[in-house]
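All of the numbers you see were taken from the coordinates with simple rules; none came from a lab. What you are looking at is a predicted structure, and each value in this text was computed from that prediction instead of being measured. Using ideal geometry, Cβ is built from the backbone for each residue, glycine included, and neighbour counts are taken over all protein chains shown.
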Amino acid sequence: MKVLNVSSTKRTELIDITSAVRKVVRESGVKKGICFVYVPHTTAGVTINEHADPDVARDIEDTLDKLIPRNRSYRHVEGNADSHIKSTVVGPEVFVFVEDGDIVLGTWQGIFFCEFDGPRRRKVYIKVVEE
Amino acid sequence: MKVLNVSSTKRTELIDITSAVRKVVRESGVKKGICFVYVPHTTAGVTINEHADPDVARDIEDTLDKLIPRNRSYRHVEGNADSHIKSTVVGPEVFVFVEDGDIVLGTWQGIFFCEFDGPRRRKVYIKVVEE
Amino acid sequence: MKVLNVSSTKRTELIDITSAVRKVVRESGVKKGICFVYVPHTTAGVTINEHADPDVARDIEDTLDKLIPRNRSYRHVEGNADSHIKSTVVGPEVFVFVEDGDIVLGTWQGIFFCEFDGPRRRKVYIKVVEE
């Protein structure tokens, strides 16, 4: 299991980790298999979406903030109930296929760490499994 | 494939199944690998979130009920269209890593079966795959 | 890695791909393992839900369109920001277990390709991994 370190600078922030994940896969020596990406936090997540136009990530951030606002009345008293709920909606994990020693993504796809309660220092766990 | 039995007592209810999943992993004898958790129902799901403060699970339940209300006008006539939609938003599956014969979770993470059309008796399927 | 071709006919459309996935699994010769399904697009996704009553898929389409409307003010100027956001909410991937050479689904479960910016020709990547 490899561990990536990610630092967020805003409360809600999608951070492109595609290059870092690709590096782990290349260094693993696995030619054909699956790369599993896991976020061990309860107020963050991971998603795959367009990384050519950074406005897409901003729209995802804004829309999640609108659908699940910070200042609704929640039971959890730490002021980050919305962050936990966003984490469940987006999910804490993704997998991508590995072929010829590299990750297989669609033309526009990038992998994003999703911060929902930043700024913070975070970790991402990765396993690359041979087929 | 191992099968867990889960009984819900409310219509919408997050139920902590972390200990049960951990038991399956320990008994599998797998030291290093991945544990896959799958819900074979269309009005339920599975998520990973904070299980230290039970208010977080209650906030997730309430917010999903608000975003996808039971009594909107739907086509599906069984009165549980909202339950199906929640199932797709949360998702029917998660994976967690296995190291040293045990599941690897973040400090605050627990695994929750998500009931969206209870009370019912439900099943959860688990596979623990050696790396 | 196997590639399925899917053609959508509407902007938002859940398309049942259960039979096509099942065929890939049967032809793979894998008796016991996991089937991984991955969508290499940023305005589409894949989900598992009821495929007995087609109204369930229609309700999912309508509700996602209501929660994340096309004509809100977004930054991304291509007119499909909502499609990208739906993709992150639903997710680009699922896994299903394989036993006795066939996929294991719950009684009511089917696998749906989720088009959020059609009509288009799309691809779905599949890997069937032996346990």
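Here are some notes:
- The C-alpha atoms of region A:1-63 occupy a region whose extents along the principal axes are 38, 26, 17 Å, arranged from largest to smallest.
- When the charge dipole of chain C is built from unit charges on Cβ atoms (+1 for Lys and Arg, -1 for Asp and Glu) and taken about the Cα centre, the candidate among C:109, C:34, C:83 whose Cα reaches farthest toward its positive end is C:83.
- Most mobile of C:14, C:105, C:67 in a GNM of chain C (Cα contacts under 10 Å): C:67
- Semi-axes of the equivalent ellipsoid for region B:2-130, Cα gyration tensor, largest first, Å: 28, 15, 11
- Rg in Å to one decimal, and Dmax rounded to a whole Å, for the protein assembly as shown via C-alpha atoms: 19.1, 53
- Label point 7 Å beyond Cα along the C-beta direction, distances from residue B:100 to other copies (nm, shortest first): 4.0, 4.0
- Pairwise FRET efficiency - residue C:18 versus residue B:102, Cβ, R0 = 56 Å, nearest 0.05: 0.95
- Over 30 Å apart at the Cα level, from the set B:31/C:127; A:31/C:86; C:2/C:66; A:31/B:127; B:32/C:32, are A:31/C:86; C:2/C:66.
- Zone residues, region C:1-35, relative to residue C:70, backbone N less than 19 Å from point 7 Å out along Cα-to-Cβ: C:7-15
- Annotation for residue A:53, label-to-label distances across the other copies: 3.8, 3.8 nm (shortest first, one decimal, point 7 Å from Cα along Cα→Cβ).
- Partner chain coverage, peptide B:28-41 - average Cβ within 10 angstrom: 3
- In a simple Cβ point-charge model (Lys, Arg +1; Asp, Glu -1; nothing else charged), chain A has a dipole of about 560 debye relative to its Cα centre.
- Using a Gaussian network model of chain C in which every pair of alpha carbons under 10 angstrom is joined by a spring, one finds that among C:31, C:66, C:86 the greatest mean-square fluctuation is at C:66.
- Residue with peak Gaussian network fluctuation, chain A [Cα springs, cutoff 10 Å], from A:73, A:19, A:83: A:73
- With label points defined 7 Å past Cα in the direction of Cβ, position residue A:1 shows copy-to-copy spacings of 2.6, 2.6 nm, given to one decimal and shortest first.
- For region A:44-99, the alpha-carbon radius of gyration amounts to 1.35 times the rule-of-thumb value 2.2 N^0.38 Å expected for a compact globular protein.
- Region A:62-131-region A:4-21 distance, computed between alpha-carbon centres (Å): 10 Å
- The calculated 222 nm mean residue ellipticity attributable to helices in chain C amounts to -8000 deg cm²/dmol, summing -39500 (n - 2.57) over DSSP H runs of n ≥ 4 and dividing by all residues.
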